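First comes the structure, then the notes that go with it.
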Amino acid sequence: MIVSSLRNIVQEEFEKTASDWNGEMPWENLQILADHGFYGINFDEEYGGAGMTEFEAILATEIIGRECPLTAWHYGDQHLISPRAIQEFGSEAVKERYLPSIMEAEDRIAVGMSEPEAGSDLKAMTTTVEERDGELVLNGEKIWMSSAPECVATIIWAMFPEGMGTLILNLDADGVEFVSDFTNMAGEVQSQIRMNDVIIPEENVLTRGEGFKLQMKALNWERLAGTTIANATALCALDKALDYSQDRKQFGQPIGDFQGIEFKLADMVTELQASRQLLFQTGKNAVDQGRVPDPMETLMASLYAAQTAGTVVDEALQIHGANGYMQGHDLEYLYRFARGFRIGGGTDEILKNEIAKFLKEEGAPRL
C-alpha cells in the first residue's frame, strides 16, 4: 500500500520539477510528501509520525529518489539521520520541542561531524564540551554541514570529559558563527560553523560515554540512508537511459536495439538489482534484530551502492552521448550528484578498511 500510493504521488507531482532543483532545497516536494502523510513514517505517532520502521523509510526514500534524487536526499536524511537520533536518544522535552515541526516538513535538523582537521579520523576531533560553573560550554568548528542555513538546529559530535558524545545545538544560539559556505559539484550548499563558548542546556545532550556507543551503532542507519539514495539515483538514471535508447534512432533503428547498448542496459540493471537486494536484506535484518543494523552488512551495502551508482549513471550518460554531456541535462546533473556517494558517509577506502577489519575478526558472513 505504501509503495503503490507513494509511487503514484511522486510520479504525478514530481515529474515536472524533478530535475529543476540543482542543489536548491526542494521545499515544495517535501511539503507535498508531508501533506499526503508520508513524512515521519518511522517516527512515533505522538510526535506526528506514522509509527512504522526504518525499513518503510528506506522503501519510501527509494521511490522518491527514482523520480527526484535530490528530494530523496533531503527526505532520507530527516528520517534516518539527525531527527532519528533525537527520537532514539533525546529526552522527552527535546522530542516534543523538535520533532513535531520536522514531521510537518517545516523545520530541519543538520549534522555536524567533520572538522577542518578531522574528517575520516573522528578521534582527531577538537570540538569540546566542558563543565564550567555548573554549565556545559561548547567550543570548536564543524565543516561540510549540508543545508545548515535551512536548519533550525544541528546534532554536534564533540568530546566530553567522559569521552565522545553528541548534543543538539540551536543554530541561532549565542556564540554560533557561520564562517563560510561552500557549493559542491551537485550545487548543494555546505557550511562551516564556529562555536565560541556556547551554553548547552543539559537536556540537549543526547549521548556521552557509554551512551555514545549505542549511537555509533545507530549511525549505521545513516549509511543505509546514503545507500538507499545511491540506489535510487541509479534507478533514475537507468529509467532515463532506457527511455532514451528506445526513442533515439540511428542507422534506421532505436539505439537500444544495438547489442552494444543492450549489453550496457543488462549490466546496469543486474548490478543495480544486486545492490538493492543487499540493501533490503540489511534493512530487513536490522528491523528483525531490534532495529540495529549489522555493521558489516551496512558497510558492504554502502560501498557497493556508491560504486554501482557511479557506474550506472556513467553508462546512462554514455548512452545519451553528447546530449547527456551538456550542462543542464538530467544526466549531467546526476553524474555530479552521484559522485558524492563515494565520499559522504565514509570514503571507499575507509569502508573497505572497516569491512576488512570485520572480516578478519569474524570471518565471512554465514547464513
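The values are calculated or read from the model by the stated rules, or taken from the named source; none is laboratory data. From a predicted model like this one, the values you see are computed outputs, not experimental measurements. Because the Cβ atoms are built from the backbone with ideal geometry, glycine has one as well, and the counts that use them run over all protein chains shown.
Could you please find all residues in segment 97-118 being over 19 Å from residue 45 (Cα atoms) and of a type outside the set (A, V, I, L, M)? Hits for segment 97-118 are 112, 114, 115, 116, 117. Scan segment 307-315 and tell me whether some residue there is within 23 Å of residue 359 (Cα to Cα) and assigned to a helix (DSSP H, G or I). Yes, segment 307-315 contains a residue that is within 23 Å of residue 359 (Cα to Cα) and assigned to a helix (DSSP H, G or I).
Residues that are at pLDDT 95 or above, surrounded by fewer than 18 Cβ atoms within 10 Å (Cβ to Cβ) and among the aliphatic types (A, V, I, L, M) within segment 196-216 comprise just one, 199. Taking segment 152-163 as the range and being crowded, with 19+ Cβ neighbours inside 10 Å and over 19 Å from residue 213 (Cβ atoms) as the test, the residues that pass are 153, 154.
Considering every residue within segment 114-128, establish whether at least one is part of a strand (DSSP E or B), surrounded by 14 or more Cβ atoms within 10 Å (Cβ to Cβ) and of a type in the set (Ser, Thr, Tyr). Yes. Only one of the numbered conditions (1) without any contact (Cβ under 8 Å) to a residue 60 or more places away in the chain; (2) more than 22 Å from residue 332 (Cβ to Cβ); (3) not charged (D, E, K, R) is not met by residue 283, and that is (1). Just the residues that are under 26 Å from the mean Cα position of the chain (by Cα) and assigned to a helix (DSSP H, G or I), please, taken from segment 191-209. Result: 204, single match.
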